[in-house]
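Every number here is computed from the coordinates shown, using simple stated rules; none is lab data. Only a predicted model underlies this, so the values are computations on that prediction, with no experimental measurement involved. Glycine also receives a Cβ, built like all others from the backbone with ideal geometry; neighbour counts cover every protein chain displayed.
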Amino acid sequence: LPVDIADPEKLIRRVHAIVESWRNEPAIPLSPHLARMLNLLPVAVTCDMLKHMDFVASNVVGSSTPLYLAGARIIRQFAFSPTLGSAFNATLMSYDSHMCVGINVDVRAVPDQPALMTAVAEGFRAVLALGSRHTDATVTTSY
């Protein structure tokens, strides 16, 4: 993914083009079969494969309607993204009208987590600023 584009609108357009090319990859229909095979492997083998990956990103689509647990409404659903051997793993999870991003890093690869979280939050704010003024663009971080 490009890291040299500062303008959020231009970056979104470039990332969109890259993702579209991946979606049209001829191997995509094989993904469910490969996933089933990978799920059968021991975790250590999967971790060894990801040791050569600097960055892993996932998008998990959650419920678009409110959910309840023991009668209480669930407000947020947070993603957990283990590094599994990579240096950086980010997982975005949508739920109702919110999204949460779980980030897990190898502290040897990213020694300054507060700086990383500040940069990620600023990036989300810049992207959300492109949207509708009526959109709740609140970005909060915790670690």
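Note on segment 1-135: with charges restricted to the Cβ of Lys and Arg (+1) and Asp and Glu (-1), its dipole about the Cα centre is near 340 debye. For the chain, relative contact order (Cα pairs under 8 Å, six or more residues apart, normalised by length) works out to 18 percent. The simple Förster model, with R0 at 22 Å and r as the Cβ-Cβ distance, assigns THR141 and SER94 a FRET efficiency of 0.80. Given their separation in residues at 0.36 nm each and the Cα-Cα distance between them, THR65 and LEU30 gain 9.5 nm when the chain is fully extended.
Per-residue extension of 0.36 nm, minus the Cα-Cα distance of ARG125 and VAL107, leaves a gain of 4.0 nm for this segment. The residue among PRO8, MET37, PRO26 whose Cα reaches farthest toward the positive pole of the charge dipole of segment 1-40, with charges on the beta-carbon of Lys, Arg, Asp and Glu, is MET37. Each residue of segment 37-43 was assigned a 3J(HN,Hα) from its phi angle through the Karplus curve 6.51 cos²θ - 1.76 cosθ + 1.60 (θ = phi - 60°); the sequence is 5, 5, 5, 7, 6, x, 4 Hz, with glycine and proline shown as x. For the chain, adding -39500 (n - 2.57) for each run of n ≥ 4 DSSP H residues and dividing by the number of residues yields -11000 deg cm²/dmol at 222 nm. Placing pseudo-labels 7 Å out from each Cα toward the beta carbon at LEU38 and PHE80 gives an inter-label distance of 1.9 nm. Neighbours of THR118 by Cβ distance under 14 Å: Lys/Arg scored +1, Asp/Glu scored -1, total -1.
Taking the Cα centre of segment 52-128 as origin and assigning +1 to Lys and Arg Cβ atoms and -1 to Asp and Glu Cβ atoms, the resulting dipole is close to 240 debye.
For segment 106-113, putting each phi into the Karplus relation 6.51 cos²θ - 1.76 cosθ + 1.60 with θ = phi - 60° gives couplings of 7, 5, 6, 7, 10, x, 10, 4 Hz, in residue order, rounded to whole numbers and with x for Gly and Pro.
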